Amino acid sequence: MDSPYFSERLLLWQPFFITVAGVSGTLVGLLFMSLSLNREQITAAENRRLFRLARRSFSDFLYVLLIALFFLIPLQNGHHLGTELLVLGAFRVRLFFAQIWSVATGQKPALLDLVWEYVLPVLATVGLVIAGVQMYEGEIITVHYFVVPVIATLLVTACSNAWQLLIMEKK
């Protein structure tokens, strides 16, 4: 159940989410630039991992942008915000399983790649779903404990992937 101060507390977070939306939009633009510089290599059949990194980075930045935009919708209660986060989490789960399925037929990644490609995305997805459930119940503290770490994880992994795409060796 939403507390009487839910909307007021949510309003206090708007500068944070405005900043997150701006940063995410900027980073998507920089990702497009790095992808355009290395387009041939990324789309080559032998570089399926690079294509996965590009796709995942783009989707992570979009998830961050959508989360921020959901929090900026005026006069929202916890039920609406929780539902939006749960739907976004469901889309992320579906995308994640599709990515696992496509990798299962390819080469096996190294241990560090497994962490970046699977462990952190799973943690972010679980955090997003928990945030949706908690926000649905009107728990504004969820922003501190789940939403901010999800955003940070998505931004870190997307930026790391984008960096790898930008500095990859030319063949």
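The values are calculated or read from the model by the stated rules, or taken from the named source; none is laboratory data. This one's a predicted model, so the numbers in the text were calculated from it and none came from an experiment. A quick note on method: Cβ atoms are made from the backbone with ideal geometry, for glycine too, and the neighbour counts reach across all protein chains shown.
List, please: which pairs have Cβ atoms under 9 Å, are six or more places apart or on different chains, and start with a residue in the stretch 89-104 that is within 16 Å of ALA124 (Cβ to Cβ) and end with one that is modelled with pLDDT under 75 and surrounded by 13 or more Cβ atoms within 10 Å (Cβ to Cβ)?
Between residues of the stretch 89-104 that are within 16 Å of ALA124 (Cβ to Cβ) and residues that are modelled with pLDDT under 75 and surrounded by 13 or more Cβ atoms within 10 Å (Cβ to Cβ), the close pairs are GLN99/GLU117.
Just to be sure before I move on: is GLN76 at pLDDT below 90, surrounded by 16 or more Cβ atoms within 10 Å (Cβ to Cβ), out of contact with any Leu (no Cβ under 6 Å at 6 or more places or on another chain) and assigned to a helix (DSSP H, G or I) in the structure I sent?
No, not satisfied.
Between residues in the stretch 17-43 that are over 21 Å from VAL150 (Cα atoms) and residues that are modelled with pLDDT of 85 or more, which pairs lie under 6 Å by C-beta distance while being six or more apart or on different chains?
LEU35/ALA54; ILE42/ALA54
Only one residue in ALA68, ALA45 is under 23 Å from THR157 (Cβ atoms) and not hydroxyl-bearing (Ser, Thr, Tyr). Which one?
Going through ALA68, ALA45 in turn, just one is under 23 Å from THR157 (Cβ atoms) and not hydroxyl-bearing (Ser, Thr, Tyr): ALA68.
Please count how many residues of the stretch 1-59 are closer than 17 Å to GLN164 by Cβ and among the small types (Gly, Ala, Ser).
6
Looking for something modelled with pLDDT under 80, of a type in the set (S, T, N, Q) and under 20 Å from LEU154 (Cβ atoms) - is there at least one such residue anywhere in the stretch 126-136?
no
Against the condition charged (D, E, K, R), within 21 Å of the chain's Cα centre (by Cα), closer than 18 Å to ALA90 by Cβ and at pLDDT below 90, how does ARG48 come out, does it pass?
No: the conditions fail for ARG48.
Residue under question is THR125, and the condition is that it be touching a helix residue (DSSP H, G or I) at 6+ places or on another chain (Cβ under 6 Å), outside any loop (DSSP other than H, G, I, E, B) and in contact (Cβ under 8 Å) with a residue 40 or more places away in the chain; does it hold?
No: the conditions fail for THR125.
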